[in-house]
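S.K.: Would you mind keeping the following structure in view while I ask a few things?
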Amino acid sequence: MKKEYRVNKWWMAGLLTAFLWGCENLKVPEPAEDTNGIRLLTGNSLSAFDDGLLAFAAGKASGTYDEVWEAHGTAAGEAVLLQSHDYPSDGSRLYLRGYYPSAEPGSNGVVYRLDGSRDLLVSNEQYGSLADMFWQTGKRFTFRHLLTQLNIRVRVSEGYPADARLVRMQIGGSHPDVLLDLKKGTLLAMGEPAVLTVWESDGTDVWLSEAYPDTPVATTLLEAAVPLTFYATVALPDGSSLAYEALPVRFGEAGGMAQAGTSYTLSVTLDAEKEKLSVATAVTGWTEKEGGVVEL
């Protein structure tokens, strides 16, 4: 009985050695995904999403989506899904398109209200499968701006009334509601163009004086590639006011209209007789463009 025990012991030891040798010589595949499921990479850092949630429309055919996955972006350029999701077990493709901010789409796309404070972004469509996963660098989702940004600064011309105060600024021409077509990744205007109040005094006076050129006042995000107009109301010390209304804004672009993904500094010079307004552009973080005038 003892001898049989010793034979079994050595036999087991040999079997274990052979097993371990075989494992060391296997070609170990690259890890597919982490324990949180599908991993998504973006070409944008966290700053592009203002710490808000972004979304990925998901479906089994290009341009046809039946699910929405929410995620948050990281500074390292990764979109971390709030819930774990898996690839189709049959090896078929999964199609994704990202958009920001997160919102539930309807049958035709996602409807947004443009209030001047919110950016809209959309990504390219990518596909992935068990054999072609999203973690690869070539599968990054790159988000692009769908709106144009105006950074409005105000100055006054020589001889402007002393102690004048800026009361209100508005931009006309942008549609208040837009539809994001997820199939095409484009915006469609809804309804009629409107006049949006982009800045209004909250009790803190903004004095207009030759001593304070280019006073920073407002930043707004608007529909791109549409004719824009500028409005301003100024209160004078004698209780009267000056109203600048529907002054066309022209940019150094095709058709004189601001482009999506471009941030313009709109430097407005107010004249007491409304004789001159001008535009100069400088850009931080978006595509840089130069030139433009506000016409009377």
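Readers should treat all values here as calculations from the given coordinates under stated rules, not as data from a laboratory. From a predicted model like this one, the values you see are computed outputs, not experimental measurements. Quick reminder, even Gly has a Cβ in these numbers, built from the backbone with ideal geometry, and neighbours come from all protein chains shown.
S.K.: Please report the net charge: other residues with Cβ closer than 13 Å to the Cβ of His72, K and R +1, D and E -1. Please list the in-between numbers first.
M.R.: Values: positive: none; negative: Asp50, Asp51, Glu70, Glu78.
Computed value for this residue: -4.
S.K.: Quickly work out the Ser157-to-Ala189 label distance, labels modelled 7 Å from Cα along the C-beta direction, and quote it in nm with one decimal.
M.R.: Here the answer is 3.0 nm between the modelled labels.
S.K.: Given R₀ = 25 Å, what would the calculated FRET efficiency be for Asp90 paired with Asp181, taking r from the Cβ atoms and rounding to 0.05?
M.R.: The formula returns an efficiency of 0.30 here.
S.K.: Something else now. To make sure I understand, if each residue's beta carbon is the centre and we count other beta carbons within 10 Å, what order do Thr215, Thr220 fall in, fewest to most? The partial results should precede the final answer.
M.R.: On the way: Thr215 15, Thr220 23.
Listing Thr215, Thr220 from fewest to most nearby Cβ atoms yields Thr215, Thr220.
S.K.: Quick check on the stretch 123-255: take the gyration tensor over C-alpha atoms, sort the square-rooted eigenvalues as a ≥ b ≥ c, and tell me if it's rounded (a/c under 1.5), prolate or oblate. Present the calculation step by step, with values, prior to reporting the outcome.
M.R.: On the way: a/c = 3.35, a/b = 2.50, b/c = 1.34.
Prolate shape, in that a/c is at least 1.5 and a/b is the bigger ratio.
S.K.: Provide the per-residue ³J(HN,Hα) series for the stretch 134-146, in order, calculated from phi with Karplus coefficients 6.51, -1.76, 1.60 and θ = phi - 60°, each as a whole number of Hz, with x at glycine and proline positions.
M.R.: With coefficients 6.51, -1.76 and 1.60, one gets 6, 6, 5, 4, x, 9, 4, 9, 9, 8, 10, 6, 9 Hz.
S.K.: What is the sum of charges around Ala194, taking Lys and Arg as +1, Asp and Glu as -1, for the other residues whose C-beta is under 12 Å from the C-beta of Ala194?
M.R.: Working: positive: Arg113; negative: Asp115, Asp177, Glu192, Glu223.
Around Ala194, the surrounding residues sum to -3.
S.K.: Under a Cβ-Cβ cut-off of 13 Å, what is the net charge of the residues other than Ala235 that fall near it, where Lys and Arg count +1 and Asp and Glu count -1?
M.R.: Values: positive: Arg165, Arg168; negative: Asp163, Glu200, Asp205, Asp238.
Net charge in that neighbourhood comes out at -2.
S.K.: Moving to a separate point now. Extending each Cα 7 Å along its Cβ direction at Ser129 and Asp115, get the distance between those two points in nm, one decimal.
M.R.: Using points 7 Å along Cα→Cβ, the separation is 4.4 nm.
S.K.: Mind running the shape call on the stretch 157-207? Use the C-alpha gyration tensor, a ≥ b ≥ c as the square roots of the eigenvalues: rounded below 1.5 for a/c, prolate if a/b tops b/c, oblate otherwise. Could you put the intermediate results ahead of the total?
M.R.: Numbers: a/c = 3.94, a/b = 3.20, b/c = 1.23.
Verdict is prolate for the stretch 157-207.
S.K.: Neighbouring Cβ atoms within 10 Å as the yardstick, rank Val122, Val226 fewest first.
M.R.: Working: Val122 24, Val226 16.
The order, fewest Cβ neighbours first, is Val226, Val122.
S.K.: Could you work out how much longer the chain between Ala75 and Glu245 gets when fully extended? Use 0.36 nm per residue separation minus the Cα distance between them, nm to one decimal. Walk me through the intermediate numbers first.
M.R.: On the way: separation 170, 0.36 × 170 = 61.20 nm, distance 4.25 nm.
Between Ala75 and Glu245, full extension yields 56.9 nm more.
S.K.: How many angstrom lie between the C-alpha centres of the stretch 99-139 and the stretch 151-210?
M.R.: 28
S.K.: Looking at the square roots a ≥ b ≥ c of the eigenvalues of the Cα gyration tensor of the stretch 40-144, which shape do they give, rounded for a/c under 1.5, prolate if a/b is larger than b/c, or oblate? Intermediate results must be reported in sequence, preceding the final value.
M.R.: On the way: a/c = 2.11, a/b = 1.35, b/c = 1.56.
The shape class here is oblate.
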